[in-house]
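**Student:** Sharing a structure here in structure tokens format.
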Amino acid sequence: MVTLYELDGCPYCETVADRLEELDIEYESVWVDALHSERNEVKRVSGQRGVPVIVDDDYGVTMPESAHILEYLEQTYA
């Protein structure tokens, strides 16, 4: 299962979500607070408060930064 931590209106998050859908990867969205200081769950899972972040339980991967996420998705699922 893949979990995507994302923020409403974040273009980087939308790009990752679009690619997950294009690759037909089932995922769960976790919507985070707009205030960085309130993103405690993202910090707990990834060590930082930025989004997007994916957690891929099947491969034991937790990854921030949209460019890295897109590269990972291509290498792993495309």
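**Student:** If a residue has to be of a type in the set (A, V, I, L, M, F, W, C) and open to solvent by 80 Å² or more (accessible area, probe 1.4 Å) to count, how many in the stretch 67-78 make the cut?
**Tutor:** The total comes to 1.
**Student:** What pairs can you find where one residue is in the stretch 3-28 and over 22 Å from LYS43 (Cα atoms), the other is open to solvent by 10 Å² or more (accessible area, probe 1.4 Å) and part of a loop (DSSP other than H, G, I, E, B), and their Cβ atoms are less than 7 Å apart, with a gap of 6+ or different chains?
**Tutor:** LEU23/ALA78
**Student:** Another question, then. For residues in the stretch 34-44 being open to solvent by 40 Å² or more (accessible area, probe 1.4 Å) and touching a residue at least 24 places away in the same chain (Cβ under 8 Å), which is nearest to THR76 (Cα to Cα)?
**Tutor:** The residue in question is GLU41.
**Student:** A further question on this structure: What tally of residues in the stretch 1-27 results from selecting those that are in contact with a strand residue (DSSP E or B) (Cβ under 9 Å, 6 or more places away or on another chain) and either more than 16 Å from PRO64 (Cα to Cα) or aromatic (Phe, Trp, Tyr) (or both)?
**Tutor:** 8
**Student:** Can you pull out the residues in the stretch 50-66 that are open to solvent by less than 70 Å² (accessible area, probe 1.4 Å) and either over 15 Å from VAL2 (Cα atoms) or in contact with a strand residue (DSSP E or B) (Cβ under 8 Å, 6 or more places away or on another chain) (or both)?
**Tutor:** Once the filter is applied, which keeps residues that are open to solvent by less than 70 Å² (accessible area, probe 1.4 Å) and either over 15 Å from VAL2 (Cα atoms) or in contact with a strand residue (DSSP E or B) (Cβ under 8 Å, 6 or more places away or on another chain) (or both), the stretch 50-66 yields GLY50, VAL51, PRO52, VAL53, ILE54, VAL55, ASP56, VAL61, THR62, MET63, PRO64.
**Student:** Under 9 Å between Cβ atoms, at least 6 apart or on separate chains: pull out the pairs that start in the stretch 59-78 with a residue that is touching a residue at least 40 places away in the same chain (Cβ under 8 Å) and end on any residue that is surrounded by fewer than 17 Cβ atoms within 10 Å (Cβ to Cβ) and of a type in the set (D, E, K, R).
**Tutor:** These pairs meet every condition: TYR77/ASP24.
The values are calculated or read from the model by the stated rules, or taken from the named source; none is laboratory data. Model, not experiment: these values are computed from the prediction. Positions of Cβ are generated from backbone atoms using ideal geometry, with glycine treated the same way; all protein chains shown enter the neighbour counts. Please note that ligands, DNA and RNA were not included when accessible areas were found on the heavy atoms of the full protein model with its side chains. Shrake-Rupley method; radii C 1.70, N 1.55, O 1.52, S 1.80 Å.
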